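Inspection log for the structure reproduced underneath, given as structure tokens.
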Amino acid sequence: MQYRALAQQRQRRMEASAAPRPFISVIVPVRNEAAFIAAILQQVLEQHYDATRFEVIVADGRSTDDTRAIVAALQTRYTQLRLLDNPRQWSSAGRNAAVRVARGDIVVLMDGHCQLNNPYYLQNIADAFVESGADCIGRPQPLDVIGANYLQRAIAAARASRLGHHPASHIYSRRAGFVPPHSVAIAYRRSVFDTVGLFDERFDACEDVEFNHRVAKAGLTCWFTPQVQVHYYPRATLSGLFRQMVRYGRGRVRLLRKHPETFSLTGFLPAAFVAGLVAGPLLALGNPLLAALYVAVLSIYGAIVLLFSIVLCMGERDVRLLPLFPLVFLTIHVGAGVGIWCELLLGASPPTVLQPKAFFPCRWSERSSRT
């Protein structure tokens, strides 16, 4: 079976070498990314890939900084760069606006605050589709960017650990292979959108996870490869990290409302942790047994966090990070838990399922030919 798979890969490579490179649409939804947008766009626009075979579409969510002006200035140098207005501001709406006008055989999603560090990124994606035959491509998303400060380094290491992200996620994996697309898929054959529709615009976080969940339910395949990893900037402050985790927590509940089968105990542990922090002291009043249990649970949590902090500090080889790790872990867990409770108590009704025909007046195959 292994030899047969290798032979099929070689055959696909030979067929691909004889065919023109696929046209790729890179979609970048942004809002107030003036500090990062020029660098990431130049890394994409200067790829070692035929400039006539790809486009970059920036969907700007009414930025109040210089993001839009920076993109407009780059347009004078790069004809394949397009700028769209996204009046709804959220990333989900920006992605949809860009996908509707994208001309690519392959659609690649990218954010405005990341680093590629790979001049062959687009070629690697195209090769991955050819060699795997998959419907979409997934990649790692490490947070180890160049020029990070001490807190950002601590956040990057903590988020990559088993205590800092959902254990079922492959987002920090290094092993190639077919995986569930939920947290990692970022590049798609254009037929995927015909099959499952676009992003649900009622999500302002986790819209990619919700979309990829529909991809998985449709039986489509995802090939994961470290060759197309993208490095994301960690939040520069604990308050920024907290707000990010609150959004993730709320998005997780919205995902559960729309897809009840996504429930997992591990995903809702942060909510239980926050509930314990708030209710524990009240329940322990006048009850020595509950008071002892509360102290014991907090002690166990503190010991686990300290153990992970020491191990990560040794891995980073920098003792100056040690006092930061407990603060980062606490921010991650409390932020996610607060987000879950906010959405459970204050959230809206379940979003409706969006069907492909709601987005496209015609099928991809009926679109006009690409220029």
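The values are calculated or read from the model by the stated rules, or taken from the named source; none is laboratory data. Bear in mind the structure is a predicted one, so any value in this text is a computation, not a measurement. Every residue, glycine among them, receives a Cβ derived from its backbone with ideal geometry; neighbour counts consider all protein chains shown.
Return the residues of segment 80-101 that are of a type in the set (A, V, I, L, M, F, W, C), in contact (Cβ under 8 Å) with a residue 40 or more places away in the chain and surrounded by fewer than 18 Cβ atoms within 10 Å (Cβ to Cβ); say none if nothing qualifies.
Passing the criteria: only Val101.
Could you grab the pairs with beta carbons closer than 7 Å, sequence gap of 6+ or different chains, first residue in segment 118-130 and farther than 15 Å from Val56 by Cβ and touching a residue at least 12 places away in the same chain (Cβ under 8 Å), second one of a type outside the set (S, T, N, Q) and assigned to a helix (DSSP H, G or I)?
Listed pairs, sorted by first residue: Asn124/Val228; Ala128/Val228; Val130/Arg12; Val130/Arg13; Val130/Ala16.
Could you tell me which residue of segment 177-215 is farthest from Arg100 (Cα to Cα), considering only residues that are in a loop (DSSP other than H, G, I, E, B) and small (Gly, Ala, Ser)?
Ser183
Here is a list: Ala157, Ala185. Which entry is surrounded by 15 or more Cβ atoms within 10 Å (Cβ to Cβ) and either within 13 Å of the chain's Cα centre (by Cα) or in the same structural domain as Leu269 (by TED's automatic domain parsing) (or both)?
Ala185
Hand me the list of helices (runs of 4 or more DSSP H) wholly inside segment 218-323 holding 3 or more residues that are without any contact (Cβ under 8 Å) to a residue 24 or more places away in the chain and under 21 Å from the mean Cα position of the chain (by Cα).
Qualifying helices (runs of 4 or more DSSP H): 238-258.
Can you find even one residue in segment 154-168 that is touching a residue at least 40 places away in the same chain (Cβ under 8 Å), in contact with a strand residue (DSSP E or B) (Cβ under 8 Å, 6 or more places away or on another chain) and farther than 20 Å from Cys114 by Cβ?
no
Taking His166 as meeting all but one of (1) at pLDDT 90 or above; (2) under 23 Å from Gly337 (Cβ atoms); (3) surrounded by fewer than 21 Cβ atoms within 10 Å (Cβ to Cβ), write down the number of the exception.
(1)
Taking into account only those residues within segment 33-79 that are assigned to a loop (DSSP other than H, G, I, E, B) and touching a Leu at 6+ places or on another chain (Cβ under 6 Å), which is surrounded by the fewest Cβ atoms within 10 Å (Cβ to Cβ)?
Taking the candidates together, the pick is Tyr78.
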